[in-house]
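Quick notes on the structure that follows.
The values are calculated or read from the model by the stated rules, or taken from the named source; none is laboratory data. Because the structure is a prediction, the values reported are computed rather than measured. Glycine also receives a Cβ, built like all others from the backbone with ideal geometry; neighbour counts cover every protein chain displayed.
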Amino acid sequence: MSHDFLADMATSSRERCEAARAQRSVADLRAVIAGLPPAPSLVPSVAGFDLIAECKLRSPAVGQLRAAAETDIAGTVQSYAQGGAAAVSVLTEPARFEGSLAHLERAAAALAAQRVPAMRKDFLVDPYQILEARAAGAGGVLLIVRMLTRGALEALLDAALEHGLFVLLETFDAADIDVALRLLAPRKAAGDALLLGVNCRDLVTLQVVPGRLELLANQLPHNVLRVAESGVESAADAARLASAGYDLALVGSALMKSGDASQLTAAMLDAARAARGGRPRRAR
């Protein structure tokens, strides 16, 4: 396993971005975007907890989750929406996750009728990739705080907000959270379009670090939607994280391996919302 997974992914992402830019100009992407309806928003439930369900064929930590030839992207994401997911994350990274922009396009089209947003999950490094996501129909993107400079993060963040996309800022530790808070502070007007996530994977081993989500929950502000990422395998896990103070969980591998993703999505939501006991998701 690489000792700098994010650096490897960033290099690969820059290469993909330049190759894409050579084939399709910014002007071309903006023309496509101009003809699209507004992106679906992520609308938090009044029930106090939500799920971002993830569509991915492979995980570097777990291995193959679904064979591409056997995966119905549209059917998969629709099952998530039927189970109550507030948004669907779609991997577009090809080398380690077997994702593609075509998967994002299929997912966004399949979710359009329900107004459930699709989120591009990748190792984004350039505002061009924000335009790619929006042109593919995305309603949101994930940005990895640790992978980019402050200036690069601001450029990506502002490009996403300009095009009506929600942004999940992904952090791994207290230092990342501090950077994220400095990015969020001048953008309070964006409201629920900005989410703050904690990923509990170790970036060397890619294994889940037990207790990290609970440990860092106390360092997250209450005026932003807080997202628990990775290691959510069951309804009991969702309930535990809701009790710890998270407002959403991003769940991928468990749903992709499930025989009934709609049922598991609903079960996670029911357990997490019960654990919140009707308490509001956060103080305003």
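Quick grid of which residues meet (1) farther than 19 Å from VAL145 by Cα; (2) among the small types (Gly, Ala, Ser):
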residue: ALA238; (1), (2): yes, yes
residue: ALA249; (1), (2): no, yes
residue: GLY252; (1), (2): yes, yes
residue: ARG276; (1), (2): yes, no
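Looking only at region 134-153, filter to residues that are touching a Ser or Thr at 6+ places or on another chain (Cβ under 8 Å) and part of a helix (DSSP H, G or I); which one of those is farthest from ALA27 (Cα to Cα)?
By that ranking, first place goes to ARG146.
Would it be correct to say that LEU156 is of a type outside the set (Gly, Ala, Ser), in a helix (DSSP H, G or I) and touching a strand residue (DSSP E or B) at 6+ places or on another chain (Cβ under 9 Å)?
yes
Of the numbered conditions (1) assigned to a strand (DSSP E or B); (2) of a type in the set (A, V, I, L, M); (3) in contact with a Phe, Trp or Tyr (Cβ under 9 Å, 6 or more places away or on another chain), LEU168 satisfies every one except a single condition; which is it?
(3)
Given the conditions (1) touching an Asp or Glu at 6+ places or on another chain (Cβ under 6 Å); (2) within 25 Å of VAL232 (Cα to Cα); (3) crowded, with 23+ Cβ neighbours inside 10 Å, which single one is not true for VAL209?
(3)
Taking the condition of being over 19 Å from the mean Cα position of the chain (by Cα) and crowded, with 20+ Cβ neighbours inside 10 Å, how many residues in region 212-234 meet it?
0
Within region 87-144, track down each residue that is out of contact with any Cys (no Cβ under 6 Å at 6 or more places or on another chain), among the hydroxyl-bearing types (Ser, Thr, Tyr) and surrounded by fewer than 24 Cβ atoms within 10 Å (Cβ to Cβ).
The answer is SER100, and nothing else.
Hey, could you check region 194-208 for residues that are in a loop (DSSP other than H, G, I, E, B) and touching a residue at least 24 places away in the same chain (Cβ under 8 Å) and say which is nearest to VAL251 (Cα to Cα)?
Checking each candidate, the answer is CYS200.
In region 1-60, which residues are among the polar types (S, T, N, Q), more than 18 Å from the chain's Cα centre (by Cα) and at pLDDT below 90?
Here is the first cut: in region 1-60, the ones among the polar types (S, T, N, Q) are 2, 11-13, 23, 25, 41, 45, 59.
Add one more test, that the residue is more than 18 Å from the chain's Cα centre (by Cα), and what stays is 2, 11-12, 23, 25.
Listed by number, the list holds a single entry, SER2.
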